[in-house]
Amino acid sequence: GVISDLVALTLRGSLSDYRIWVDRFIPAFLIGFVGQILLGALTFLVPVILGGGPAAVREHIKRLSLMWQARILIFNVGAVFTIFEGRVAQIGYGLVAVSLGLFIVLVLFSVRAGHGAAPGSRTVVPSS
């Protein structure tokens, strides 16, 4: 918080140097904070939207949670790498993109698996 800002400002020497230093952390913060909240929320919202009852929702969540530890690790390492400059930052953005891409693939897999349900397992309400 405030103490770390004061230490960083003291070490940087000038306000402009401090501002450049802080600006390097903004992408990492946005990627790490917003991205993880979004992925976490979608992991539970997408199955609810797909529906099919409690058992189907649990199955969708199970599919979306496949290899979650590895995907989060890739995502976090990528977010940290975005702090650096040059090639390391590019690798960081690439790792974040790979993690998000894997999540999108799992969503598509879950949607496709949901549409492949046995006939009659979905309730159809006739219109009057």
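The values are calculated or read from the model by the stated rules, or taken from the named source; none is laboratory data. Predicted model only: the values in this text are computed from it and were never measured. A quick note on method: Cβ atoms are made from the backbone with ideal geometry, for glycine too, and the neighbour counts reach across all protein chains shown. Protein only, heavy atoms only, side chains kept; ligands, DNA and RNA dropped before computing areas. Shrake-Rupley method; radii C 1.70, N 1.55, O 1.52, S 1.80 Å.
Does a label point 7 Å from the Cα of Glu85, set along Cα-to-beta-carbon, have any residues of region 14-32 with amide nitrogen under 20 Å, and which are they?
Residues passing the 20 Å test: 14-29.
Between [x] 0.99; [y] 1.51; [z] 1.14, which matches Cα Rg over 2.2 N^0.38 Å calculated for the structure shown?
Answer label, from the structure shown: [y].
Provide the gained length on full extension for the span Leu38 to Val2, in nm with one decimal, where the gain is 0.36 nm per separating residue minus the Cα-Cα distance.
Residue separation times 0.36 nm, minus the Cα-Cα distance, leaves 10.2 nm.
Of Gly40, Gly78, Ser110, which is farthest towards the positive pole of the chain's charge dipole, taken about the Cα centre with +1 and -1 on the beta-carbons of Lys, Arg and Asp, Glu respectively?
Towards the positive end, the residue furthest out is Ser110.
DSSP loop trypsin sites (Lys or Arg not before Pro) in region 1-75 with at most 16 other Cβ atoms within 10 Å of their Cβ, which ones?
Qualifying residues, ordered by number: Arg24.
In percent, what relative contact order does the chain have, based on Cα pairs under 8 Å that are 6 or more apart in sequence?
23 percent.
Dipole magnitude of region 1-82 about its Cα centre, charges +1 at Lys/Arg Cβ and -1 at Asp/Glu Cβ only, in debye to the nearest 20?
260 debye
For Arg112 and Trp68, compute 0.36 nm times the residue count separating them, minus their Cα-Cα distance, and round to one decimal in nm.
So the extension gain works out to 13.9 nm.
Just the number please: accessible area per residue for region 1-72, 1.4 Å probe, all protein chains included, in Å².
On a per-residue basis, region 1-72 sits at 71 Å².
Using a 1.4 angstrom probe on heavy atoms only, work out the carbon and sulfur share of the accessible area of the chain in %.
73 percent
Which value, in Å² rounded to 10, gives the accessible area of Val22 with a 1.4 Å probe and all protein chains present?
Roughly 50 Å² of Val22 is accessible to a 1.4 Å probe.
Stretch Phe25-Ala55 to full length: gain in nm at 0.36 nm per residue minus the Cα-Cα span?
The Phe25-Ala55 span can extend by a further 6.6 nm.
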